[in-house]
Amino acid sequence: MTRLVVDTDTASDDAVALLLAARTPGVTIEAITTVAGNVPLPQATRNALLTLEIAGAAEVPVHAGCERPLLRSPQTAQHVHGDDGMSDAPLPEPTGAARSEHAVDALLRLACDHGADLTLVTLGPLTNLAAALLRDRNLLGRFRHTYCMAGAADARGNITATAEFNVWADPEAAAIVCDAATPDTVTWIGWDASRRDAVMTPERQRRLRALGTPLALFADRINRAVDTFATTVTGLDGYDLPDPLAMAVALEPGLIQQAEEARVHVATGGEARGQLLVDRRGTAAPPNLRLVRRVDTEGFQRMLLNACRGEAA
Ligand code: BDR
Ligand code: CA
């Protein structure tokens, strides 16, 4: 049994990651915490609530968190995911609402009360986790493990030449998490892995749609804007699914085909904002992160299709 806490700036690929978690047997989502990122915080929270309802997991508590990065102004990725983060597809409003407890308080409480049994998965800027770490510096050691969709270990960025969005949006938060991490406590799955191993090619999109279930059609529809962006602007043959890949690895670590431990520092200033400085010399300080570099593509596709196969409750 995997018990999850998921921190998310819920837009289209975050939503697919939530579906994956909600519909994989043996997985319980204990709580969702939301953060500003792809879309402003209220929209991310609405998207998380709606996705849980569509996945038949409306009972999962959702806690809204930080509405801006620690030091910077908020920057969204609505040019990639659509104004509502879900490709501006006509979607109903969620019927539920977020709990009154702030996401950072919820993370601290859950880690203290049940951390050893909980896997934390972060899918957005690391603001909530960093804010929690500032209040409890041992936080990462309390969770069973923390998996973050963050960074690009090959320094090929998606928001600047060298930075990945989640790290770039709140680089100070990412630096705080990085500095507190050890390879035993934290694994990062970067955009480099998703762009290689989690691409929804036209054929894979067709296979997803062919399931014909409400979940499959929802997952497909909310990613139309990303598909257009990825194919026309970045030249990919389809679109990639970074957050679902990170979720899949958290649920099924056996999917990892290649990983490395390295000393990673987050650049926070100037042109290099958000870039990971990965020191592989072996002469630096000990490694602080495990970086996933390759994931089993077919295994990931199988998990995704299985999760979308069932009817929504
Ligand atoms: C990350 O940024 C967002 O666009 C996605 O949701 C993912 O978390 C990829 O860089
Ligand atoms: Ca995300």
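If the condition is being under 16 Å from ALA89 (Cβ atoms) and away from ligand 2 (no atom under 16 Å from the Cβ), then the range 228-254 contributes only THR228.
So which residues in the range 216-236 are among the charged types (D, E, K, R) and in contact with a helix residue (DSSP H, G or I) (Cβ under 7 Å, 6 or more places away or on another chain), if there are any at all?
ASP220
Every residue, every condition in (1) more than 23 Å from HIS114 (Cα to Cα); (2) part of a helix (DSSP H, G or I); (3) away from ligand 2 (no atom under 14 Å from the Cβ); (4) of a type in the set (Phe, Trp, Tyr), yes or no:
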{"site": "ALA21", "(1), (2), (3), (4)": "no, yes, no, no"}
{"site": "THR45", "(1), (2), (3), (4)": "yes, yes, no, no"}
{"site": "GLU53", "(1), (2), (3), (4)": "yes, yes, yes, no"}
{"site": "SER73", "(1), (2), (3), (4)": "yes, no, yes, no"}
{"site": "VAL80", "(1), (2), (3), (4)": "yes, yes, no, no"}
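When we screen PRO40, PRO25 for residues that are over 22 Å from ALA111 (Cα atoms) and within 16 Å of ligand 1 (Cβ to nearest atom), the only hit is PRO40.
Give ASP192, ASP154 a once-over and let me know the one that is in a helix (DSSP H, G or I), within 30 Å of LEU305 (Cβ to Cβ) and either within 16 Å of ligand 1 (Cβ to nearest atom) or β-branched (Val, Ile, Thr) (or both).
Only one candidate qualifies: ASP192.
The residues of the range 205-249 that are touching a His at 6+ places or on another chain (Cβ under 8 Å) and either β-branched (Val, Ile, Thr) or not in a helix (DSSP H, G or I) (or both) amount to a single one, VAL226. Of the residues making up the range 1-19, those that are more than 13 Å from ligand 2 (Cβ to nearest atom) and either within 18 Å of PHE218 (Cβ to Cβ) or at pLDDT 95 or above (or both) are THR2, ARG3, LEU4, VAL5, LEU19. Which ones in the range 50-73 are surrounded by fewer than 21 Cβ atoms within 10 Å (Cβ to Cβ) and either without any contact (Cβ under 8 Å) to a residue 60 or more places away in the chain or aliphatic (A, V, I, L, M) (or both)? Within the range 50-73, GLU53, ALA57, ALA58, GLU59, PRO61, GLU67, ARG68, LEU70, LEU71, SER73 qualify. Residues in the range 262-277 that are away from ligand 1 (no atom under 16 Å from the Cβ) and out of contact with any Leu (no Cβ under 7 Å at 6 or more places or on another chain): ARG263, THR268, GLY269, GLY270, GLU271, ALA272, LEU277. Whether any residue in the range 134-147 is aliphatic (A, V, I, L, M), over 19 Å from ALA116 (Cα atoms) and buried (at least 24 other Cβ atoms within 10 Å of the Cβ) is what I want to check. No: zero hits.
Count of the range 23-41 residues, restricted to those that are within 15 Å of ASN128 (Cα to Cα) and more than 14 Å from ligand 2 (Cβ to nearest atom), is 1.
Yes/no per residue for (1) of a type outside the set (Lys, Arg); (2) within 14 Å of ligand 1 (Cβ to nearest atom):
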position: ARG3; (1), (2): no, no
position: ALA17; (1), (2): yes, yes
position: ALA31; (1), (2): yes, no
position: GLU53; (1), (2): yes, no
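Filtered by the rule that a residue be of a type in the set (D, E, K, R) and crowded, with 16+ Cβ neighbours inside 10 Å, the range 268-312 gives ARG273, ARG290, ARG293, ASP296. All of LEU133, LEU129, LEU140 fail the test of being part of a helix (DSSP H, G or I), within 14 Å of ligand 1 (Cβ to nearest atom), at negative phi and not hydroxyl-bearing (Ser, Thr, Tyr), apart from LEU129.
Taking the conditions (1) under 26 Å from MET1 (Cβ atoms); (2) in a loop (DSSP other than H, G, I, E, B); (3) touching an Asp or Glu at 6+ places or on another chain (Cβ under 8 Å) in turn, GLU101 satisfies each one other than (3).
Is it true that VAL62 is touching a strand residue (DSSP E or B) at 6+ places or on another chain (Cβ under 8 Å) and within 11 Å of ligand 1 (Cβ to nearest atom)? So VAL62 fails the test.
Residue-by-condition table, conditions (1) of a type in the set (Val, Ile, Thr); (2) at pLDDT 95 or above:
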position	(1), (2)
ALA219	no, yes
THR228	yes, yes
GLY235	no, no
PRO242	no, yes
VAL249	yes, yes
GLU252	no, yes
LEU255	no, yes
VAL266	yes, yes
GLN275	no, yes
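The values are calculated or read from the model by the stated rules, or taken from the named source; none is laboratory data. The structure presented is a predicted model; accordingly, all values stated were derived computationally and were not measured. Counting neighbours? That spans all protein chains shown, and the Cβs are built from the backbone with ideal geometry, glycine included.
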